[in-house]
Amino acid sequence: MNQFYEGVGISKQAVHQYAQRQTVFDHRLMELMSEADDIRRDHPGCGVEKMYHTLKPDFIGRDRFVETFMQLGFRLKRKKN
């Protein structure tokens with residue numbers, strides 16, 4: 001495994017720190033998703049970008065928030081005339 005890390009050019013410490021950061025990010029994202037579910041329950045027509053401005057998360061930017069929540073299924077269904 002050490003040869004792999006040397007070949008890629010990263011350290012074990014970097015891999016461990018990345019895993020820790022990703023775990024914290026995933027946990028905070030799950031909390032944010034539950035808050036978004038609460039908002040969507042109260043305001044079913046609230047869009048993803050408006051949700052971002054309502055929640056004001058400090059750990060994720062607007063574009064990444066919108067992209068992530070669109071992939072998670074928070075997109076609004078378009079109504080046909």
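How do the pairs read when you match residues in region 39-55 that are within 9 Å of VAL66 (Cβ to Cβ) with residues anywhere that are open to solvent by 100 Å² or more (accessible area, probe 1.4 Å), using Cβ under 6 Å and keeping only pairs 6 or more apart or on different chains?
Here the result reads TYR52/ARG62, each pair linking region 39-55 to a residue that is open to solvent by 100 Å² or more (accessible area, probe 1.4 Å).
Take region 46-81 and flag every residue that is open to solvent by less than 90 Å² (accessible area, probe 1.4 Å) and of a type outside the set (A, V, I, L, M). Outline the logic, then answer.
Going residue by residue through region 46-81, those that are open to solvent by less than 90 Å² (accessible area, probe 1.4 Å) are 46-48, 51-52, 54-55, 57, 59-61, 65-66, 68-70, 72-74, 76.
Correct list: CYS46, GLY47, TYR52, THR54, PRO57, PHE59, GLY61, PHE65, THR68, PHE69, GLY73, PHE74.
Restricting to region 4-45, what's the tally of residues that are in a loop (DSSP other than H, G, I, E, B) and either at pLDDT below 90 or exposed (fewer than 12 other Cβ atoms within 10 Å of the Cβ) (or both)?
Qualifying residue count for the region: 5.
The values are calculated or read from the model by the stated rules, or taken from the named source; none is laboratory data. As the structure is a computational prediction, the values presented were derived from the model and not from experiment. Counting neighbours? That spans all protein chains shown, and the Cβs are built from the backbone with ideal geometry, glycine included. Protein only, heavy atoms only, side chains kept; ligands, DNA and RNA dropped before computing areas. Shrake-Rupley method; radii C 1.70, N 1.55, O 1.52, S 1.80 Å.
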